Structures are given as C-alpha cells and as structure tokens.
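Novice: Let me begin by handing over the structure; questions about it come next.
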C-alpha cells in the first residue's frame, strides 16, 4: 500500500477531491469532483482519464456531508492500493486566529463554525466533511488549510477599514481570500518570471480577486472582510457603495436575508447579464447585456489592478490564473487593453493560444498565464504538519 494525502475542496455546490503521494512531486494519482450538490449531483473522475469504474449515482438532495461519506466509501474500493494517511481541507475563512494550517480537532471545528457569518456560502460546506470524517473515521488525521492565511503578511494599514477602533478591535478588518491559490502562484513565480518582485496576480473565476505580491508576499488584495468584496464575480456583486445597502433597507424594505441572497447569488455577471454567471456562456451570447456584463467585469478588474499598484510602488508583472484567467483570452485582452499606460501590452496570437507568456516582446510589464494548484498547497501543508505531530 502506498501512503497518500486526500485533499478536499468543498465549494458552495461541489466537492473536489484528489489523492497526492506523500513525497514530491505532489502530482495527483487520482482527481475528481462531485458537482451540482442539492440540485443534480454528478460524480466524475478526471485523473486517471480512463478511470470509469463504478462511478456512483447520487440522489438529487445529496449534501456535502453525504457526498464526502460516499467518496470515502468509493475510494476504499477504487483507490488502487493507496492508503489515505491524512485528509487536508480547504477552509475559506480563518479569521484572526488561524494564520497557518492546523490539525483539526472538535475545538477547531467549533471555532471555524463561529466564523460562518463571514463566509456563509463556503464555511458550512468546508466544515461538513470534517465532521463526517471525525464521526466515521476518528483515527484519520485531518488538517485545515486557510484561504486567509496568505494575507497575514500585509501591513496593518492595508487591513484597516475607516471604522471606529472599537469595531476594528472586534475583528472588522480586511482578511483577503484565495490565499491557497496565491500561495501556489507565489511558489512558482521565480520559475516563470525570474527577477519579478512586484507582481499582481488575478485569480479570476466564479469567485474573483486580485493580490499584490512583493517578493512573493501579499501586501494588498481586493477581497476584504468577506469574499463579497472587490471584483465583479459570477454571482457576487463585488465592491459596492454601502449606501446601496441602506437604500435597499430603508427605501425598498428589503430584509437582511433578501439582501444577502441578492449580493451573493443574484448579482455579478448573472445579475448584469440576466443570462448566466458563466463567462463562457456570455462570450458565446449575442445579447447586448452579455457584452455589458463582460465589459463591466474587465473594466472593474483593470481599475482594481490600477488601484493595487501604489501598494507595490510599481508593477513588474501581471499574472492571470483560475478558470477565467487561464481560459478566457477575450477577458484577458479586455483587461489588458485598459492597462497599456502601465506597460501591459499583449501579443494577440500568444494570448489566443493561451501561452504561458501572453505579452509582446517589448512590453515593459510582462503578462503571464499560470495555472493554479490549490490542492498541491493543501497536500504540502498537510504533509508538513503531519510530520511535526
């Protein structure tokens, strides 16, 4: 039997999983996902590509906890001689208490559950598999890895809201997210762009944010107290005038749950277009509102990139990653076209091919596409932590 680490990444309606060897390189021996949870769940395996043995069918009302339980049973039969030594979980919010990955205990789970109001779409789903594993396999070690940890290197000034100090002391600060993705990009940046010190990374997907990195450390980011802030996203509004919330309450009579649903589920690309939250759908649509949604996404991303440059004192390179960042040449072009003043100039053919370097040879600020790998960071942190126990 070969020891492996199981990584779990629970999204709002999905559970992604992978098995990684405990020794480098951390290339998965098995990878898959369960999508459409609570709607029309589908279990799929992408690595190895020919692995089609006994793919289970899930009930329409399958929850994250049930999906994780089914996955463990399936892996017991189909993991191909691999022994799961530990499980590493992606956790969206670590608050102020968790600045690095930790071993999961009942007390840790309780602390993470208390942070649910800060990440209502993700935190409960991140925790559900932990609880299930603790009940059904109590001897299997678990590690929680946090999206917020990468941003703890920021100067305190970058984390402040202009609110009374008493509220700041209670934890109303900017935390930042997508940290596991940014940690991976930071680890491979020297290979892709040697000598680049001041870099902005655009993690663009259904959830989207930017991170300004100096020498591989986070100095500023667009997401703040929650994962609702910053860029236009698939269903989330991104940055919003707080007065809009007051207006919706005072003039429109909307309740807090209604506003939460509006900002987290009905806004962003979906809200503006009225068509879809998926960039791919909008790019193939000829409806004018689809174009408006794409243009707004690109305009806001370019504006936020510009807003992060002062934190770096300049810009040596721009990196695109995640679903939209890695796969949408049109979106990358729409963003970069607004950043020519910052030295960003694309090579159209290279961008269309999704090359690693998509900027023109004479561009003062190179632009790159680097696929992210959150699972590798989770697996690495889990291995490191298990070695210390």
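The values are calculated or read from the model by the stated rules, or taken from the named source; none is laboratory data. Computed from a prediction, not measured in an experiment: that's the story for all the values here. Heads up, the Cβs are rebuilt from the backbone with ideal geometry, glycines too, and the neighbour counts pull from every protein chain shown.
Novice: Given the conditions (1) in contact (Cβ under 8 Å) with a residue 12 or more places away in the chain; (2) out of contact with any strand residue (DSSP E or B) (no Cβ under 6 Å at 6 or more places or on another chain); (3) in a helix (DSSP H, G or I), and given that residue 350 satisfies all but one, which numbered condition is not satisfied?
Specialist: The single condition residue 350 does not satisfy is (1).
Novice: If you don't mind, another one. Return the only residue of 186, 220 being part of a strand (DSSP E or B) and in contact with a strand residue (DSSP E or B) (Cβ under 7 Å, 6 or more places away or on another chain).
Specialist: None of the others qualify; the one that does is 220.
Here's the yes/no breakdown for (1) assigned to a helix (DSSP H, G or I); (2) under 18 Å from residue 92 (Cβ atoms); (3) free of Cβ contacts under 8 Å to residues at least 24 places away in the same chain:
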| residue | (1), (2), (3) |
| --- | --- |
| 121 | no, yes, no |
| 131 | yes, yes, no |
| 134 | yes, no, no |
| 152 | yes, yes, no |
| 161 | no, no, no |
| 166 | yes, no, yes |
| 171 | no, yes, no |
| 177 | no, yes, no |
| 181 | yes, yes, no |
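Novice: Considering only the stretch 41-60, how many residues are at pLDDT 85 or above and in a loop (DSSP other than H, G, I, E, B)?
Specialist: First pass over the stretch 41-60, keeping only residues at pLDDT 85 or above: 41-45.
From what is left, the residues that are in a loop (DSSP other than H, G, I, E, B) are 41.
The total comes to 1.
Novice: So, in the stretch 214-238, how many residues would count as being without any contact (Cβ under 8 Å) to a residue 60 or more places away in the chain and farther than 16 Å from residue 260 by Cα?
Specialist: 3
Novice: Is it the case, given these coordinates, that residue 141 is touching a helix residue (DSSP H, G or I) at 6+ places or on another chain (Cβ under 9 Å) and over 22 Å from residue 178 (Cβ atoms)?
Specialist: yes
Novice: Look at the stretch 96-110 and say how many of its residues are part of a loop (DSSP other than H, G, I, E, B) and either closer than 27 Å to residue 209 by Cα or modelled with pLDDT under 95 (or both).
Specialist: Total satisfying the criteria: 6.
Novice: Further question: Looking for something part of a helix (DSSP H, G or I) and modelled with pLDDT of 95 or more - is there at least one such residue anywhere in the stretch 192-202? Before the answer, list the steps.
Specialist: First, the residues of the stretch 192-202 that are part of a helix (DSSP H, G or I): 192.
Filter once more, so that each one left must be modelled with pLDDT of 95 or more: 192.
Checked against the condition, which is being part of a helix (DSSP H, G or I) and modelled with pLDDT of 95 or more, the stretch 192-202 yields at least one hit.
Every residue, every condition in (1) touching a helix residue (DSSP H, G or I) at 6+ places or on another chain (Cβ under 7 Å); (2) part of a loop (DSSP other than H, G, I, E, B); (3) modelled with pLDDT under 95, yes or no:
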{"position": "289", "(1), (2), (3)": "yes, no, no"}
{"position": "300", "(1), (2), (3)": "no, no, no"}
{"position": "303", "(1), (2), (3)": "no, no, no"}
{"position": "308", "(1), (2), (3)": "no, no, no"}
{"position": "331", "(1), (2), (3)": "yes, no, no"}
{"position": "355", "(1), (2), (3)": "no, yes, no"}
{"position": "363", "(1), (2), (3)": "no, yes, no"}
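Novice: Right, something else. Of all residues in the stretch 232-250, which are closer than 19 Å to residue 120 by Cβ and assigned to a loop (DSSP other than H, G, I, E, B)?
Specialist: Selection gives 233, 234, 235, 236, 237, 238, 239, 240.
Novice: List, please: which pairs have Cβ atoms under 7 Å, are six or more places apart or on different chains, and start with a residue in the stretch 362-378 that is farther than 27 Å from residue 346 by Cβ and end with one that is assigned to a loop (DSSP other than H, G, I, E, B)?
Specialist: 375/28; 376/26
Novice: Could you tell me whether any residue of the stretch 311-323 is free of Cβ contacts under 8 Å to residues at least 24 places away in the same chain and either farther than 30 Å from residue 142 by Cβ or surrounded by fewer than 22 Cβ atoms within 10 Å (Cβ to Cβ) (or both)? Talk me through it step by step, then tell me what you get.
Specialist: As a first pass, look at the stretch 311-323 and keep what is free of Cβ contacts under 8 Å to residues at least 24 places away in the same chain: none.
No: zero hits.
Novice: Inspect the stretch 201-216 for any residue being surrounded by fewer than 15 Cβ atoms within 10 Å (Cβ to Cβ) and at negative phi and give the result as yes or no.
Specialist: No.
Novice: Residues that are within 30 Å of residue 169 (Cβ to Cβ), part of a loop (DSSP other than H, G, I, E, B) and in contact (Cβ under 8 Å) with a residue 40 or more places away in the chain: does the stretch 12-30 have at least one?
Specialist: For the stretch 12-30, residues within 30 Å of residue 169 (Cβ to Cβ), part of a loop (DSSP other than H, G, I, E, B) and in contact (Cβ under 8 Å) with a residue 40 or more places away in the chain: absent.
Novice: Going by what's in this entry, would residue 43 be described as over 20 Å from the mean Cα position of the chain (by Cα) and surrounded by 14 or more Cβ atoms within 10 Å (Cβ to Cβ)? I'd like the intermediate steps shown before the answer.
Specialist: Working: over 20 Å from the mean Cα position of the chain (by Cα): yes; surrounded by 14 or more Cβ atoms within 10 Å (Cβ to Cβ): yes.
So residue 43 passes the test.
Novice: Among 93, 89, which is under 21 Å from residue 206 (Cα atoms), touching a strand residue (DSSP E or B) at 6+ places or on another chain (Cβ under 9 Å) and not in a strand (DSSP E or B)?
Specialist: Being under 21 Å from residue 206 (Cα atoms), touching a strand residue (DSSP E or B) at 6+ places or on another chain (Cβ under 9 Å) and not in a strand (DSSP E or B) holds for just one of 93, 89, which is 93.
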